[in-house]
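*Asks:* Pasting a structure here, questions to come.
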Amino acid sequence: MTSDRRTLLADAALDVLADEGIRGLTHRAVDRKAAMPPGTTSAYFRTRAALLTALVTRLVHLDQAELHTTAEELPPLRTVDELVDGMALLTRRRLTGEGRRRSLARYACAVESVRDPELREILVPRENAGREAVRQFLAARGVKDAENRTHTLLTCIDGLVFDRLVSGGDVPREALEGLAAAALRHGTGRRPG
């Protein structure tokens, strides 16, 4: 029951963060969101730092599960169109429903992690099936340093999601096609002179 209650409270903290921002994240607000008696959250997470750590750990767990599910739903990447389809699915999930709420919480936690090395360590991108599929796709097409290109591509996708959270709307397919083309570009990346 303790771990279930901790998960319930971490999920409630995610909701508070998504709804009210980092300043609204208090033990009392989490108690209210979780429909628990006052003091419950502080009994499980004595400090705000402990609450944030639990929230970020839960967020990473949910994100990893989403990435694993997305990778399973898509066929093995064989074409650029399939790569773009996968990126489009990911951005759609990160901008709608529970994915949107997690995205809002993720960015708030990322900013907070600038001053908190423990949070930063938890938020470090993890290996997952989706990341590996992209890396293998790029490597199979002869992209030099596919690992760094994968990181850059996924970071750019993250930036597009952030932009659309702030400004609204969907990520245009053309933007994703441009990112895929840039990731597949061979050579040093310098423009001819």
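*Asks:* Considering only segment 119-131, how many residues are assigned to a helix (DSSP H, G or I) and either in contact with a helix residue (DSSP H, G or I) (Cβ under 6 Å, 6 or more places away or on another chain) or within 30 Å of Leu184 (Cβ to Cβ) (or both)?
*Replies:* Counting residues in segment 119-131 that are assigned to a helix (DSSP H, G or I) and either in contact with a helix residue (DSSP H, G or I) (Cβ under 6 Å, 6 or more places away or on another chain) or within 30 Å of Leu184 (Cβ to Cβ) (or both) gives 7.
*Asks:* Oh, and also: Return the only residue of Val143, Val134 being touching a residue at least 40 places away in the same chain (Cβ under 8 Å), assigned to a loop (DSSP other than H, G, I, E, B) and within 26 Å of Asp85 (Cα to Cα). Show your work before the answer.
*Replies:* Numbers: Val134 fails: assigned to a loop (DSSP other than H, G, I, E, B).
Just one listed residue meets the conditions, Val143.
*Asks:* Next up: When you check Asp31 against the structure, is it acidic (Asp, Glu) and either surrounded by fewer than 18 Cβ atoms within 10 Å (Cβ to Cβ) or not in a helix (DSSP H, G or I) (or both), yes or no?
*Replies:* No: the conditions fail for Asp31.
*Asks:* May I pose another question? Hey, any hits in segment 136-156 for a residue that's open to solvent by less than 80 Å² (accessible area, probe 1.4 Å), within 24 Å of Arg58 (Cβ to Cβ) and either at pLDDT 95 or above or under 14 Å from the mean Cα position of the chain (by Cα) (or both)?
*Replies:* Taking every residue of segment 136-156 in turn, at least one turns out to be open to solvent by less than 80 Å² (accessible area, probe 1.4 Å), within 24 Å of Arg58 (Cβ to Cβ) and either at pLDDT 95 or above or under 14 Å from the mean Cα position of the chain (by Cα) (or both).
*Asks:* Please go through segment 14-63 and give me each residue that is β-branched (Val, Ile, Thr) and in contact (Cβ under 8 Å) with a residue 40 or more places away in the chain, ordered by number.
*Replies:* Just the residues of segment 14-63 that are β-branched (Val, Ile, Thr), to begin with: 16, 22, 26, 30, 40-41, 47, 53, 56-57, 60.
Within segment 14-63, Ile22, Thr53, Val56, Thr57, Val60 meet the criteria.
*Asks:* Taking the condition out of contact with any helix residue (DSSP H, G or I) (no Cβ under 6 Å at 6 or more places or on another chain) and over 26 Å from Ala50 (Cβ atoms), does Asp170 pass?
*Replies:* yes
*Asks:* Could I ask something else about it? Could you check how many residues of segment 55-81 are among the basic types (Lys, Arg) and more than 13 Å from the chain's Cα centre (by Cα)?
*Replies:* Total satisfying the criteria: 1.
*Asks:* Exactly one condition in (1) surrounded by fewer than 20 Cβ atoms within 10 Å (Cβ to Cβ); (2) modelled with pLDDT of 90 or more is false for Asn128; which is it?
*Replies:* (2)
*Asks:* Which residue pairs have Cβ atoms closer than 8 Å, lie 6 or more positions apart in sequence or on different chains, and pair a first residue in segment 90-101 that is farther than 19 Å from Leu176 by Cα and in contact (Cβ under 8 Å) with a residue 60 or more places away in the chain with a second residue that is open to solvent by less than 70 Å² (accessible area, probe 1.4 Å) and of a type in the set (Asp, Glu)?
*Replies:* Arg101/Asp15
*Asks:* What tally of residues in segment 83-112 results from selecting those that are assigned to a helix (DSSP H, G or I) and over 17 Å from Gln64 (Cβ atoms)?
*Replies:* Final tally of qualifying residues: 15.
*Asks:* Quick check, is Ala13 open to solvent by less than 40 Å² (accessible area, probe 1.4 Å), closer than 18 Å to Leu119 by Cα and either in a helix (DSSP H, G or I) or at pLDDT below 95 (or both)?
*Replies:* yes
*Asks:* Looking at segment 154-179, which of its residues are under 21 Å from Glu72 (Cα atoms) and touching a residue at least 40 places away in the same chain (Cβ under 8 Å)?
*Replies:* Ile157, Leu176
*Asks:* Output the number of residues of segment 37-72 satisfying the condition of being open to solvent by 40 Å² or more (accessible area, probe 1.4 Å) and in a loop (DSSP other than H, G, I, E, B).
*Replies:* Residues meeting the conditions: 4.
The values are calculated or read from the model by the stated rules, or taken from the named source; none is laboratory data. Worth saying up front: this structure is predicted, and the values here are computed from it rather than measured. Backbone-built Cβ (ideal geometry, glycine too); neighbour counts: all protein chains shown. SASA here: full protein model, heavy atoms, side chains in, ligands and nucleic acids out. Shrake-Rupley method; radii C 1.70, N 1.55, O 1.52, S 1.80 Å.
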